[in-house]
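So the structure is just underneath, and the comments pick up after that.
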Amino acid sequence: MSLGHSFAVAWPEALPPAIGNYCLIAEVGGFEEPMDKIPMTAAGYSTLENELKHRQQVERPRIIQQITDARTHGDLSENAEYHAAKEQQAHNEGRIAELEDKLARAEVIDVSKLSGDTVTFGATVTLIDEDTDKKQVWQLVGEPEADAKKGKISIASPLARALVNKRKGDSIEVVTPGGARAYEIKKVEWR
(Lines give C-alpha, C1' and ligand atoms only; values in the text may rest on other atoms or scores of the structure.)
Protein backbone atom coordinates (compact mmCIF):
# COMPACT_ATOMS: atom_id res chain seq x y z
CA MET A 1 0.00 0.00 0.00
CA SER A 2 1.48 3.33 -1.04
CA LEU A 3 1.02 6.37 1.15
CA GLY A 4 1.94 8.91 -1.52
CA HIS A 5 4.11 9.43 -4.54
CA SER A 6 7.80 8.56 -4.89
CA PHE A 7 10.23 11.11 -6.27
CA ALA A 8 13.79 10.47 -7.38
CA VAL A 9 16.13 13.38 -6.73
CA ALA A 10 19.35 13.67 -8.73
CA TRP A 11 22.13 16.23 -8.53
CA PRO A 12 23.31 17.91 -11.75
CA GLU A 13 27.03 17.82 -10.86
CA ALA A 14 29.00 14.61 -10.86
CA LEU A 15 29.04 12.85 -7.51
CA PRO A 16 32.02 11.09 -6.00
CA PRO A 17 32.08 7.37 -6.87
CA ALA A 18 31.35 6.43 -3.27
CA ILE A 19 27.89 8.02 -3.39
CA GLY A 20 27.32 8.32 -7.14
CA ASN A 21 25.27 5.14 -7.32
CA TYR A 22 22.67 6.35 -4.81
CA CYS A 23 19.72 8.59 -5.26
CA LEU A 24 17.27 9.94 -2.73
CA ILE A 25 13.81 8.43 -2.85
CA ALA A 26 11.19 10.35 -0.90
CA GLU A 27 7.74 9.14 0.00
CA VAL A 28 5.36 12.08 0.28
CA GLY A 29 2.01 11.43 1.94
CA GLY A 30 -1.11 13.47 1.26
CA PHE A 31 0.06 14.75 -2.12
CA GLU A 32 -2.85 15.03 -4.49
CA GLU A 33 -3.07 14.61 -8.23
CA PRO A 34 -3.00 17.75 -10.39
CA MET A 35 -5.74 20.17 -9.42
CA ASP A 36 -9.01 19.79 -11.27
CA LYS A 37 -10.38 22.85 -13.00
CA ILE A 38 -13.69 24.16 -11.71
CA PRO A 39 -16.04 25.30 -14.49
CA MET A 40 -17.96 28.49 -13.71
CA THR A 41 -19.68 31.35 -15.44
CA ALA A 42 -18.17 34.84 -15.53
CA ALA A 43 -20.89 35.98 -13.10
CA GLY A 44 -20.01 33.17 -10.68
CA TYR A 45 -16.30 34.05 -10.87
CA SER A 46 -17.10 37.71 -10.19
CA THR A 47 -19.25 36.78 -7.18
CA LEU A 48 -16.41 34.74 -5.66
CA GLU A 49 -13.91 37.54 -6.37
CA ASN A 50 -16.16 40.07 -4.63
CA GLU A 51 -16.58 37.83 -1.59
CA LEU A 52 -12.81 37.31 -1.40
CA LYS A 53 -12.16 41.05 -1.61
CA HIS A 54 -14.77 41.74 1.10
CA ARG A 55 -13.31 39.12 3.43
CA GLN A 56 -9.74 40.38 2.92
CA GLN A 57 -10.40 44.13 2.96
CA VAL A 58 -13.38 44.47 5.33
CA GLU A 59 -13.82 41.36 7.49
CA ARG A 60 -10.13 40.67 8.20
CA PRO A 61 -9.39 44.20 9.55
CA ARG A 62 -12.67 44.24 11.52
CA ILE A 63 -11.85 40.92 13.20
CA ILE A 64 -8.28 42.01 13.93
CA GLN A 65 -9.68 45.11 15.63
CA GLN A 66 -12.07 42.95 17.68
CA ILE A 67 -9.14 40.80 18.82
CA THR A 68 -7.11 43.89 19.72
CA ASP A 69 -10.03 45.37 21.68
CA ALA A 70 -10.70 42.08 23.49
CA ARG A 71 -7.04 41.83 24.57
CA THR A 72 -7.43 45.03 26.56
CA HIS A 73 -10.11 43.38 28.73
CA GLY A 74 -7.61 41.39 30.76
CA ASP A 75 -7.01 37.67 31.24
CA LEU A 76 -7.28 36.00 27.81
CA SER A 77 -7.97 32.53 29.21
CA GLU A 78 -11.38 33.67 30.48
CA ASN A 79 -12.11 36.30 27.85
CA ALA A 80 -15.15 35.18 25.81
CA GLU A 81 -14.93 38.14 23.41
CA TYR A 82 -11.32 37.28 22.59
CA HIS A 83 -12.11 33.60 21.96
CA ALA A 84 -15.15 34.50 19.82
CA ALA A 85 -13.06 36.89 17.73
CA LYS A 86 -10.31 34.26 17.28
CA GLU A 87 -12.96 31.77 16.17
CA GLN A 88 -14.33 34.31 13.67
CA GLN A 89 -10.78 34.89 12.43
CA ALA A 90 -10.19 31.18 11.87
CA HIS A 91 -13.49 30.85 9.99
CA ASN A 92 -12.75 33.92 7.85
CA GLU A 93 -9.20 32.80 7.01
CA GLY A 94 -10.47 29.32 6.11
CA ARG A 95 -13.04 30.79 3.74
CA ILE A 96 -10.39 33.09 2.21
CA ALA A 97 -8.18 30.06 1.51
CA GLU A 98 -11.15 28.18 0.01
CA LEU A 99 -12.06 31.13 -2.25
CA GLU A 100 -8.45 31.60 -3.38
CA ASP A 101 -8.27 27.90 -4.27
CA LYS A 102 -11.54 27.97 -6.23
CA LEU A 103 -10.54 31.13 -8.11
CA ALA A 104 -7.11 29.68 -8.92
CA ARG A 105 -8.73 26.54 -10.37
CA ALA A 106 -11.59 28.37 -12.11
CA GLU A 107 -12.22 27.75 -15.77
CA VAL A 108 -14.44 30.66 -16.76
CA ILE A 109 -16.87 29.81 -19.54
CA ASP A 110 -18.61 32.65 -21.36
CA VAL A 111 -22.17 31.35 -21.63
CA SER A 112 -23.16 34.17 -24.01
CA LYS A 113 -20.88 32.64 -26.67
CA LEU A 114 -22.47 29.19 -26.37
CA SER A 115 -25.35 28.00 -28.51
CA GLY A 116 -27.09 24.91 -29.78
CA ASP A 117 -29.97 22.72 -28.77
CA THR A 118 -27.97 20.22 -26.69
CA VAL A 119 -27.80 20.72 -22.93
CA THR A 120 -24.27 21.46 -21.67
CA PHE A 121 -22.65 23.63 -19.01
CA GLY A 122 -24.27 27.08 -18.86
CA ALA A 123 -27.53 26.09 -20.54
CA THR A 124 -30.81 27.29 -19.08
CA VAL A 125 -33.27 24.40 -19.33
CA THR A 126 -37.06 24.51 -18.96
CA LEU A 127 -38.47 21.22 -17.66
CA ILE A 128 -41.98 19.92 -17.18
CA ASP A 129 -42.53 17.35 -14.43
CA GLU A 130 -44.35 14.53 -16.24
CA ASP A 131 -46.37 13.61 -13.12
CA THR A 132 -47.48 17.07 -11.93
CA ASP A 133 -47.05 19.19 -15.12
CA LYS A 134 -45.13 21.65 -12.94
CA LYS A 135 -42.66 23.84 -14.87
CA GLN A 136 -39.09 24.27 -13.60
CA VAL A 137 -36.28 26.40 -15.03
CA TRP A 138 -32.66 25.59 -14.17
CA GLN A 139 -29.29 26.92 -15.30
CA LEU A 140 -26.41 24.43 -15.15
CA VAL A 141 -23.47 26.16 -13.44
CA GLY A 142 -20.29 25.31 -11.54
CA GLU A 143 -20.47 23.93 -8.00
CA PRO A 144 -19.32 27.18 -6.28
CA GLU A 145 -22.15 29.23 -7.82
CA ALA A 146 -24.99 26.72 -7.50
CA ASP A 147 -28.03 28.17 -5.70
CA ALA A 148 -31.37 26.38 -6.11
CA LYS A 149 -33.28 29.44 -4.85
CA LYS A 150 -31.90 31.38 -7.83
CA GLY A 151 -32.57 28.55 -10.30
CA LYS A 152 -28.90 27.51 -10.61
CA ILE A 153 -27.86 23.89 -10.13
CA SER A 154 -24.39 22.38 -10.07
CA ILE A 155 -23.26 20.65 -13.23
CA ALA A 156 -22.34 17.74 -10.91
CA SER A 157 -25.86 17.38 -9.45
CA PRO A 158 -27.92 14.29 -10.35
CA LEU A 159 -30.46 16.38 -12.29
CA ALA A 160 -27.77 18.21 -14.29
CA ARG A 161 -25.93 14.96 -15.05
CA ALA A 162 -29.19 13.50 -16.38
CA LEU A 163 -29.73 16.60 -18.56
CA VAL A 164 -26.27 16.83 -20.16
CA ASN A 165 -26.24 15.93 -23.86
CA LYS A 166 -30.05 15.80 -24.04
CA ARG A 167 -32.18 17.96 -26.36
CA LYS A 168 -35.55 19.71 -26.42
CA GLY A 169 -38.30 17.07 -26.41
CA ASP A 170 -36.19 14.42 -24.63
CA SER A 171 -37.45 12.83 -21.42
CA ILE A 172 -35.20 12.12 -18.48
CA GLU A 173 -35.61 10.25 -15.23
CA VAL A 174 -33.82 11.33 -12.05
CA VAL A 175 -33.65 9.39 -8.81
CA THR A 176 -34.23 11.76 -5.89
CA PRO A 177 -34.51 11.12 -2.14
CA GLY A 178 -38.29 11.28 -2.63
CA GLY A 179 -38.23 8.70 -5.43
CA ALA A 180 -37.76 8.72 -9.19
CA ARG A 181 -38.98 11.82 -11.08
CA ALA A 182 -39.55 12.06 -14.82
CA TYR A 183 -39.15 15.34 -16.73
CA GLU A 184 -39.57 16.47 -20.31
CA ILE A 185 -37.17 19.09 -21.68
CA LYS A 186 -39.30 21.90 -23.12
CA LYS A 187 -36.61 24.47 -23.90
CA VAL A 188 -32.81 24.88 -24.00
CA GLU A 189 -31.58 28.49 -23.87
CA TRP A 190 -28.29 30.34 -23.55
CA ARG A 191 -28.52 33.50 -21.42
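Before moving on, here are some points about what is shown:
- Residue that is farthest from Asp133 (Cα to Cα) [pool: residues in segment 177-191 that are part of a strand (DSSP E or B) and touching a Ser or Thr at 6+ places or on another chain (Cβ under 8 Å)]: Glu189
- The one condition in (1) in contact with a strand residue (DSSP E or B) (Cβ under 9 Å, 6 or more places away or on another chain); (2) in contact (Cβ under 8 Å) with a residue 12 or more places away in the chain; (3) under 22 Å from Ala43 (Cα atoms); (4) loosely packed, with under 13 Cβ neighbours inside 10 Å that Ser171 fails to fulfil: (3)
- Among the residues of segment 137-171, those that are in a helix (DSSP H, G or I) and acidic (Asp, Glu) comprise Glu143, Glu145.
- Unmet requirement for Val174, which otherwise passes all of (1) in a helix (DSSP H, G or I); (2) not assigned by TED's automatic domain parsing to the domain that holds Leu52: (1)
Listed here are the residues, each with its yes/no results for (1) under 30 Å from Pro144 (Cα atoms); (2) of a type in the set (A, V, I, L, M).
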{"position": "Arg55", "(1), (2)": "yes, no"}
{"position": "Val58", "(1), (2)": "yes, yes"}
{"position": "Ile63", "(1), (2)": "yes, yes"}
{"position": "Thr68", "(1), (2)": "no, no"}
{"position": "Asp75", "(1), (2)": "no, no"}
{"position": "Glu87", "(1), (2)": "yes, no"}
{"position": "Arg95", "(1), (2)": "yes, no"}
{"position": "Leu99", "(1), (2)": "yes, yes"}
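The values are calculated or read from the model by the stated rules, or taken from the named source; none is laboratory data. Computed from a predicted model, the values in this text were never measured in an experiment. Cβ atoms come from the backbone with ideal geometry, glycine included; neighbour counts cover every protein chain shown.
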